[in-house]
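In what follows, a single structure is set out as structure tokens and then discussed.
FYI, it's all coordinate maths here, none of it is from the lab. Being a predicted model, the structure only gives us computed values, none of them experimental. Glycine gets a Cβ as well: all are built from the backbone with ideal geometry, and neighbour counts include every protein chain shown.
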Amino acid sequence: MANQSLAKSVFPSRGLWKNFFDDSFFNRYMDKFWDTASPAINIAESDKQYTVDMVVPGFSKEDIRIDVKDNILSISAEAKKETSEEDKEYTRKEYNFSSFNHSFSLPEDVQDDAITAEYKGGVLKLALPKSGKQVTASKKIDIQ
């Protein structure tokens, strides 16, 4: 709920613009603009690995790119779709463009050269195996 409150304070006039464009022509385009959201992500940890599940429906496997560089995992996707419909007096074309980009700092114990990914049913699943080396999560340093 905190995120929704923040969004309302950042975009206080959303209702004014939405009402202005609330007709049959503008409605479907403006709703896509106002209601865009980042993909939902779940991250789990077990003794042997981290698992990242990301819901990305509407993308194909070829639309998605996963990179690891300097201990940063980046997941991005871009999809362009075009439909065309001809009528008696006009041709209507619609373009749909979707994209996202998420980056994560990897924990020190991840084997970045052994990360695997699978895309099935609109869900991207990544397995990030742990290296097995001990990593101290926190250590208090005494002042001399």
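One decimal place: the segment LYS125-ILE43 gains 28.5 nm when fully extended, by the rule 0.36 nm per residue minus the C-alpha distance. Under 5 Å between amide hydrogens, built in the peptide plane, is the criterion, and for SER131 it picks out VAL110, GLN111 among residues at least 5 positions away or on other chains. Placing dummy labels 7 Å off each Cα toward the beta-carbon, the span from ASP142 to ALA117 is 4.7 nm.
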